[in-house]
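Q: Right, I'll just put the structure down here and ask away after.
The values are calculated or read from the model by the stated rules, or taken from the named source; none is laboratory data. Nothing here was measured: the structure is a model prediction, and the numbers come from that model. Please note: Cβ atoms are built from the backbone with ideal geometry, for glycine as well, and neighbour counts cover all protein chains shown.
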């Protein structure tokens with residue numbers, strides 16, 4: 001889990017907060033698409049992800 005994400009301004013989608021269960025799935029998708037990289041945790045998504053070249057807009 002990304003520390004502080006849920007309480008940051010980025011923890012909202014169209015004004016609604018993300019559920020804690022959605023974040024690991026989202027990080028796996030971003031990683032599989034090449035937007036982020038990092039170490040994956042057991043069912044926790046990416047731990048301390050970093051932006052990959054494709055994700056660097």
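Q: Suppose we filter the range 8-40 for residues that are assigned to a strand (DSSP E or B) and either out of contact with any strand residue (DSSP E or B) (no Cβ under 9 Å at 6 or more places or on another chain) or in contact (Cβ under 8 Å) with a residue 12 or more places away in the chain (or both); how many remain?
A: Initially, the range 8-40 is screened for residues assigned to a strand (DSSP E or B), giving 12-13, 16-17, 36-40.
Remaining after also requiring either out of contact with any strand residue (DSSP E or B) (no Cβ under 9 Å at 6 or more places or on another chain) or in contact (Cβ under 8 Å) with a residue 12 or more places away in the chain (or both): 12-13, 16-17, 36-38, 40.
Final tally of qualifying residues: 8.
Q: Next question. So which residues in the range 12-38 are closer than 18 Å to residue 55 by Cα and either modelled with pLDDT under 90 or surrounded by 14 or more Cβ atoms within 10 Å (Cβ to Cβ) (or both), if there are any at all? Before you say what the answer is, go through the steps one by one.
A: Here is the first cut: in the range 12-38, the residues closer than 18 Å to residue 55 by Cα are 23-38.
Result: 23, 24, 25, 26, 27, 28, 30, 31, 35, 36, 37, 38.
Q: Going by what's in this entry, would residue 48 be described as assigned to a strand (DSSP E or B) and surrounded by 15 or more Cβ atoms within 10 Å (Cβ to Cβ)? Before the answer, list the steps.
A: Numbers: assigned to a strand (DSSP E or B): yes; surrounded by 15 or more Cβ atoms within 10 Å (Cβ to Cβ): no.
When the stated conditions are applied, residue 48 does not pass them.
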